[in-house]
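To start, the structure itself, in structure tokens.
The values are calculated or read from the model by the stated rules, or taken from the named source; none is laboratory data. Note that this is a predicted model, so its numbers are computed, not measured. Cβ placement follows ideal geometry from the backbone for every residue including glycine, while neighbour counts extend to all protein chains displayed. The protein model used for the area step is the full one, side chains on, heavy atoms only, and it has no ligands, DNA or RNA in it. Shrake-Rupley method; radii C 1.70, N 1.55, O 1.52, S 1.80 Å.
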Amino acid sequence: MKCNGISSNLNFAGKYQLNANQTMPNQDACLKRDFLLGVACGYAQNGDEISKKLADFYNGAYNADKYAPCNVVFEIPDKMNDTFEECMSKIGQKFDKLA
């Protein structure tokens, strides 16, 4: 019997759901959160999709209700999961790990 190994480059990702418009304790915390979400979009596998959703939200629903939720799901490469979780925890951003 011959067994062939998988030779493709598999990229596994952790999925994290969060409200990108979560109420934060002050303006500084909001700025840090927005900055770190932008950085996360840079390495998320679905970063372009999230960036578009955020832009649409801040140009639409946010103008009608400053407290409206903006739920997004980040697909973070496994090697970045710990960094993502640590950053979100440090700034007080709540998130749920889906996978």
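Some observations on this one:
- Point-to-point label distance, THR83-ASP96, nm (Cα→Cβ direction, 7 Å offset): 2.7 nm
- Approximate spin-label separation ASP34-GLU49, in nm, with each point projected 7 Å along Cα-to-Cβ: 2.5 nm
- Protein accessible area in the chain, 1.4 Å probe - carbon and sulfur %: 53 percent
- The mean accessible area for residues of the chain, using a 1.4 Å probe and ignoring ligands and nucleic acids, is 68 Å² per residue.
- Total lysine pairs under 24 Å (Cα atoms) in the chain, excluding pairs fewer than 8 apart on one chain: 25
- Point-to-point label distance, MET24-ALA61, nm (Cα→Cβ direction, 7 Å offset): 1.9 nm
- Taking amide H positions as modeled 1.01 Å from N, with prolines and chain starts lacking one, the residues under 5 Å from ASN21 and 5 or more places away or on another chain are CYS70.
- For the chain, calculated [θ]222 nm from helices alone, where every DSSP H run of n ≥ 4 adds -39500 (n - 2.57): -14000 deg cm²/dmol
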